[in-house]
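The values are calculated or read from the model by the stated rules, or taken from the named source; none is laboratory data. Note that the structure is a prediction, hence the values are computed from the model and not measured. Because the Cβ atoms are built from the backbone with ideal geometry, glycine has one as well, and the counts that use them run over all protein chains shown. Areas reflect the complete protein model, heavy atoms only, side chains present, ligands, DNA and RNA absent. Shrake-Rupley method; radii C 1.70, N 1.55, O 1.52, S 1.80 Å.
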Amino acid sequence: MQNIVESIGSTPVLELRHPLVPKNKKLFLKLEQFNPNLSIKDRTALGLIQYALKAGKLLPGGRIIESTSGNLGKSLAMIGAAMGFGVTVVVDPKVSSSALNWYRAYGATVDMVTVPDQSGGYQQSRIARVKELLKADPNAYWPNQYDNPDNPDYHCETTSKEFLPYDYDVLAGCVSTGGHLSGIAKGLKSHNSSMKVLACDVKGSAVLGGNFAPYLLNGVGLAWRSSNTHIEYFDYMAIVEDKHAISMCRILARECGVLLGGSAGLVAFGALQLLYNSDVNSILAIMPDSGANYLDTLYDDNWVREKDIAIQDSAKLLKFLSATSNAEQEFMAHA
């Protein structure tokens, strides 16, 4: 290996052995935290940069400007440092202090928006700021993870191949930009048309339908549906509350020694909902990132109290998951 980017990919799969997994069913976790920058966004960033270089949209030594809620900015900053590109990340007040330090450690420039958009979120405000910066530097490249088809195309052509050797009924993942899940799903379905896909999102996001409302999880959900979210590849959908995703993260850390980010907790809980509420026997779930990014939020008791999150223990989650007729269940089949 001559460059850190060569270590991206080939992440391990863990079979989750825990009482929350229904008897005689299986849940496998694809641990993307084993990428060098601790998240699946290493793959996305590398794919976007490789495709842009090939198309001549990004020139050697050029600058990359992108809107990010966290992990993609880290990945772009890392790869920019390794490959000799300047990087500007446009963030919002939800970004963690550790992420800001991460960007700067790699030499990236940080630009923060502070005024929410009309929906009450910051995504559109960040994109508007990216466009302003591009006007000032017309030679810069905007990867545009939300609408650039290179995002799902890379995951379809490259990432999906890592999922082929395993035996499972359903692929589960989260949606935000939609790039990695849509791309992987397309690639898998091209090899196996009977493969089913579960798309998980946070309650309050508008990606899978409904009106946007503020939520706590970072790196998941949007106030709109990006063009990289191809719902035609999704066979099931699960909407998960902040409290269930965060509780899942804490349970897996304390009882399994697996430290995951909020979007991973969301996917794990959504996958369990499907196992409890269907005849699906096995799920391979994409765990997007490490909990190391969220030690000062999701895993901090003071932060949890400030946000008024009622942490659920295993017994409470099991009761919720087992109550298939519970009106609170947000799991649904996608017609």
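Structure data summary
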read-out	value
Subset of the range 2-18 [among the charged types (D, E, K, R) and either part of a loop (DSSP other than H, G, I, E, B) or under 19 Å from residue 255 (Cα atoms) (or both)]	15, 17
Positions within the range 141-152 being over 19 Å from residue 110 (Cβ atoms) and open to solvent by 40 Å² or more (accessible area, probe 1.4 Å), in sequence order	147, 149
Residue 61 more than 24 Å from residue 297 (Cβ to Cβ) and either in contact with a Phe, Trp or Tyr (Cβ under 7 Å, 6 or more places away or on another chain) or not in a helix (DSSP H, G or I) (or both)	yes
Tally, over the range 97-116, of residues that are hydroxyl-bearing (Ser, Thr, Tyr) and open to solvent by less than 20 Å² (accessible area, probe 1.4 Å)	1
Residue that is in contact with a strand residue (DSSP E or B) (Cβ under 8 Å, 6 or more places away or on another chain) and crowded, with 17+ Cβ neighbours inside 10 Å, where the choices are 9, 62	62
Matching residues, the range 257-297, being open to solvent by less than 10 Å² (accessible area, probe 1.4 Å), aliphatic (A, V, I, L, M) and out of contact with any Asp or Glu (no Cβ under 8 Å at 6 or more places or on another chain)	267, 268, 271, 272, 274, 275, 284, 285
Among residues of the range 74-106, those that are assigned to a loop (DSSP other than H, G, I, E, B) and under 18 Å from residue 140 (Cβ atoms), counted	3
Of all residues making up the range 117-140, the number that are of a type in the set (A, V, I, L, M) and open to solvent by 40 Å² or more (accessible area, probe 1.4 Å)	2
Pairs with Cβ under 6 Å, 6+ apart, first in the range 231-248 and within 9 Å of residue 266 (Cα to Cα), second in a strand (DSSP E or B) and not hydrophobic (A, V, I, L, M, F, W, C)	239/201; 239/203; 241/203
Subset of the range 19-37 (residues that are part of a loop (DSSP other than H, G, I, E, B), open to solvent by less than 50 Å² (accessible area, probe 1.4 Å) and touching a Ser or Thr at 6+ places or on another chain (Cβ under 8 Å))	20, 25, 35, 36, 37
Residue within the range 40-55 that is assigned to a strand (DSSP E or B) and within 21 Å of the chain's Cα centre (by Cα) present	no
Flag if residue 127 is over 26 Å from residue 163 (Cα atoms) and at pLDDT below 95	yes
Tally of residues being open to solvent by 60 Å² or more (accessible area, probe 1.4 Å) and at pLDDT 90 or above across the range 312-335	6
